[in-house]
Amino acid sequence: MTISSEWIERADKHVAKTYGRYPLVAVRGEGCRLWDADGKAYLDFLAGVAVNNLGHCPPKVVAALKEQADKLLHCSNFYHIPQQIELAELLCANTFGDRVFFCNSGAEANEAAIKLARKYSREQHGENRFEVITALASFHGRTIGTISATGQDKVRSGFEPVVPGFKYVAFGELQALREAITPQTCAVMLEPVQGEGGVNVPPPGYLQAVRELCDEHDLLLIFDEVQVGCGRTGSLFAHQAEGVEPDLMTLAKALAGGPPIGAMVTREKIAESFGPGTHGSTFGGNPLMAAAALAAMDCLLNDGVLDNCLAMGEYLCSRLAELKERYGFITDIRGRGLIIGMELSIEGGEIVKTALERGLLINCTVGKVLRFVPPLIVTKEEIDEAVEILDGILTEM
Ligand SMILES: *Cc1c(COP(=O)(O)O)cnc(C)c1O
């Protein structure tokens, strides 16, 4: 028995089986490496599913957590919290936003955005204005509200009835969106690049055209940047590279460099509908997580992380394109910055399993798209190492 297999036996008894977990027991991480309970090292190109953008245990974030832990762990949102105030200031200084609501996860950030969009729209346009249009193949979370917003049947299946007032249209198709708008529509909610849906990049100009359509019909535009925000695509937030601004933006995953936090950023006029008592979260924006997020944002803004993301994203794409030249079952390489998908004409599950055995962590979305979301601090050498492992597996197929 290895130490790992003993843990896995215990997990099988009492931990909820909501995940199809791989046989890896994670105990330590540093930079782009993760170690299991038996001391085996892995090159981590999944990075906690785009959470560990600064690598594992980024020193500034760890130091901020340690320092804050000695001072104050939790304080009710009945009172003011300096770290939360500073984080709101920093997010507004670097986005279209004027106000930030803090929570603890991506789903919660999206719940806040949906609730606020409904309340604001009703107040502005009347009782019947509540419907949110989202995209097919989108992913917005696992709460009852966010599975209702998610344009994938498999996420909602078995949990019906879902929340009414959502409609799904093909991602990247403007005409479908135009046709879906009715007098009941209050908002359009999109991921600037779809993550879980298979790393889908919209056609050039799509987000701008959606913005114009929203303006034309007085609809709110919500960008779910939970996965592609915080540097992942090479700009601080994904929409900024296209110069298209939403009315609400949701963040979570990498915002605190590892620890859990969520945020919903919006404009002043809209934020006015979230008055005292309308929404809340016990832990949202607590001193510990806000301190971690301040340190993580400092790294993103000042440590050359975005430049490295763009350079290494280009390099990883070019190395994967070489593989595409050599293997006929690779049909597409796509992405932006360091969220890259490799579409296959075959199932990708076995490749992911074999890669793990050989020390490389990646995953597979929608059955046949291998997803690469390494830390944004990844080096050329680490990319070469990952591509070599992958090449070895593909050669044997
Ligand atoms: C991960 C993800 C979510 C859900 O975030 P949780 O923290 O798991 O609730 C929502 N939207 C997108 C785009 C995501 O990638």
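Bear in mind these aren't lab numbers, they're just calculated from the coordinates by the rules spelled out. As the structure is a prediction and not an experimental result, all values here were calculated from the model. In this analysis, Cβ positions are derived from the backbone assuming ideal geometry, glycine residues included, and neighbour counts consider all displayed protein chains.
Taking 7 Å steps out from each Cα toward its Cβ at Thr278 and Asp98 produces label points 1.3 nm apart. Considering only Arg211, Arg326, Arg334, the mean-square fluctuation computed in a Gaussian network model of the chain, springs between alpha carbons under 10 angstrom, is largest for Arg326. Each residue, Arg142 and Glu86, gets one label point 7 Å from its Cα in the Cβ direction; the gap between the two is 3.3 nm.
The antiparallel fraction among DSSP beta bridges confined to region 57-205 stands at about 10%.
Exposure proxy ranking for Val25, Val61, based on other Cβ atoms within 10 angstrom of each Cβ and starting from the fewest, stands as Val25, Val61. By the beta-carbon count within 10 Å of each Cβ, the least crowded to most crowded order of Lys13, Lys324, Lys119, fewest first, is Lys13, Lys324, Lys119. Rounded to the nearest 0.05, what FRET efficiency do Tyr79 and Glu396 have when you use their Cβ-Cβ distance and R0 = 56 Å? Step by step, r from the Cβ atoms, then E = 0.40. Spacing of the modelled spin labels on Ala26 and Tyr315, each 7 Å from Cα toward Cβ, amounts to 2.3 nm.
Please work out how much length the chain gains when fully extended from Asn302 to Glu322, using 0.36 nm per residue of separation minus the C-alpha to C-alpha distance, in nm with one decimal. Write down the numbers at each step before the final one.
Working: separation 20, 0.36 × 20 = 7.20 nm, distance 3.28 nm.
Computed gain between Asn302 and Glu322 is 3.9 nm.
Taking the number of Cβ atoms within 10 Å of each Cβ as an exposure proxy, the fewest-first ranking of Val132, Val373 is Val132, Val373. Where both residues lie in the chain, what percent of DSSP beta bridges are antiparallel, nearest 5? If we restrict to bridges inside the chain, about 65 percent are antiparallel. For region 229-267, the residues whose backbone nitrogen is under 14 Å from a point 7 Å from the Cα of Val62, taken along Cα to Cβ, are 258-259.
Rounded is the label for region 85-215, because the ratio a/c of its alpha-carbon gyration tensor axes (a ≥ b ≥ c) stays below 1.5. Highest mean first, the peptides 97-110, 213-226 sorted by other C-beta atoms within 10 Å per residue fall in the order 97-110, 213-226. Annotation for region 108-183 versus region 325-374: alpha-carbon center distance of 29 Å.
Does region 269-366 come out rounded, prolate or oblate, given a ≥ b ≥ c as the square roots of the eigenvalues of its C-alpha gyration tensor, rounded meaning a/c under 1.5 and, failing that, prolate meaning a/b above b/c? The shape class here is prolate.
Can you figure out the FRET efficiency of Glu242 with Met1, using R₀ = 41 Å and their beta-carbon distance, to the nearest 0.05? Each step should come with its number before you reach the end.
Values: r = 53 Å, r/R0 = 1.29.
FRET efficiency, Glu242 to Met1: 0.20.
Listed cross-link partners Lys324/Lys353; Lys353/Lys380; Lys71/Lys269; Lys115/Lys269 are compared with a 26 Å cut-off, the Cα-Cα value being larger for Lys71/Lys269.
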